[in-house]
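First up is the structure itself, then whatever we jot down about it.
A short reminder: the numbers here are calculations on the coordinates, not readings from a lab. Keep in mind that what you see is a predicted model, and the values were worked out from it rather than measured. Please note: Cβ atoms are built from the backbone with ideal geometry, for glycine as well, and neighbour counts cover all protein chains shown.
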Amino acid sequence: MRIAKAMARAGLCSRREAERWIADGRVSVNGQVLATPAVEVKPKDRVLVDGRPLPVAEPARLWRYNKPKGVVTTHNDPQGRPTVFDSLPPDLPRVISVGRLDFNTEGLILLTNDGELARHLELPATGWLRRYRVRAKGRVNADDLGSLKDGVEIEGVRYGPVEVAIDTMQGANTWLTVGIREGKNREVRKVLAHLGLEVNRLIRVSFGPFQLLDLKPGEAESVRRRVLADQLGADLAEQFGLIDEREEKPQAKKPGFNKVRSVTERAASERGATDRRGKNRSENERAGRRSPPRRDGKPRTDRREKP
């Protein structure tokens, strides 16, 4: 495994950050400081980052986080602005973000302890739609929005297909829902500015199958390992350590419920049949105890009955 990939898998940083750390002379393998990331490492190699052993890679985990407005998505900001990672909940381990949201954008951002997983999820090749709620100053018509469905080129940069729908109009503002799959730098703002709209609020509400829902600003919530494995598929789930062979597959609830109910119904049916048999048997027994008819063919009267 390449050294940068090993560092990303350990959750220290992304692969690109690992390459920068190596260029800065912060990484050594078996006592030799690396000058290039083009180095393969094996499980028995001693890897040090800033003089500390490389952490053992743990199974990948994923969190949904509601990024507030007014923080940047970076570990170290040259301008000294507050970052997402300055105010994360204290129970989170060291995490990195899946892509970024700019300073004034709020809403859903995914966090993970695995740099390789972050790299995989942020690539446009995953095909996951990133959906935003947008408030913008100005007016736009359906024809203008339809021109974005095949993509658009702005100032020499080609943007892929953009899905846009008008939700409501309030005064000078228009609320829209926008869906993109690439997530280039400030893509939503630039594409809407191309149509004459000035974005004044931008909220990401979903990233692929993961949604913001009712998370409050600054809150983070873990995604279940089984849910993440199902979304990645068996091969990637195994690669990221999400499948435990000893783990039993969860049983479906519906079949189990139906099975229990059918057993109950069958038991009730059997009791009903038993009761009916008992009732019939009792009637037969009572009939058998009746006095036989007299020789002249007339039935005998019960002695308790008056003649």
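A few comments on the model shown:
- Net length gained if the chain between Ala23 and His194 were fully extended (0.36 nm per residue, minus Cα distance): 57.7 nm
- Above 27 Å, the calculated P(r) of segment 32-169 contains 43 percent of its Cα-Cα pairs.
- Model label sites at Ile154 and Ile166, defined 7 Å from Cα along the beta-carbon direction, differ in position by 1.9 nm.
- Normalised contact order of segment 50-209, rounded percent, pairs of Cα under 8 Å and 6 or more residues apart: 24 percent
- Here the dipole of segment 132-203 is about 320 debye; that uses its Cα centre as origin and unit charges on the Cβ of Lys and Arg (positive) and Asp and Glu (negative).
- Kirkwood Rh (inverse of mean 1/r, distinct Cα pairs), segment 1-102, angstrom: 15.0 Å
- Distance violations [Cα-Cα > 24 Å] among Lys67/Lys149; Lys5/Lys44; Lys5/Lys216; Lys69/Lys216; Lys67/Lys184; Lys67/Lys190: Lys67/Lys149; Lys5/Lys216
- Listed peptides 62-74, 12-24, 213-225 by packing density, highest first (mean Cβ within 10 Å): 62-74, 12-24, 213-225
- For segment 3-53, a simple Cβ point-charge model (Lys and Arg +1, Asp and Glu -1, everything else neutral) yields a dipole of about 180 debye relative to the Cα centre.
- Length-normalised contact order for segment 132-203 - Cα pairs under 8 Å, 6+ apart - percent: 44 percent
- Estimated FRET transfer efficiency when R0 is 25 angstrom, pair Thr74-Asp235 (beta carbons, to 0.05): 0.20
- Between Arg52 and Val140, the distance separating the two model label sites (each 7 Å from Cα on the Cα→Cβ line) works out to 4.5 nm.
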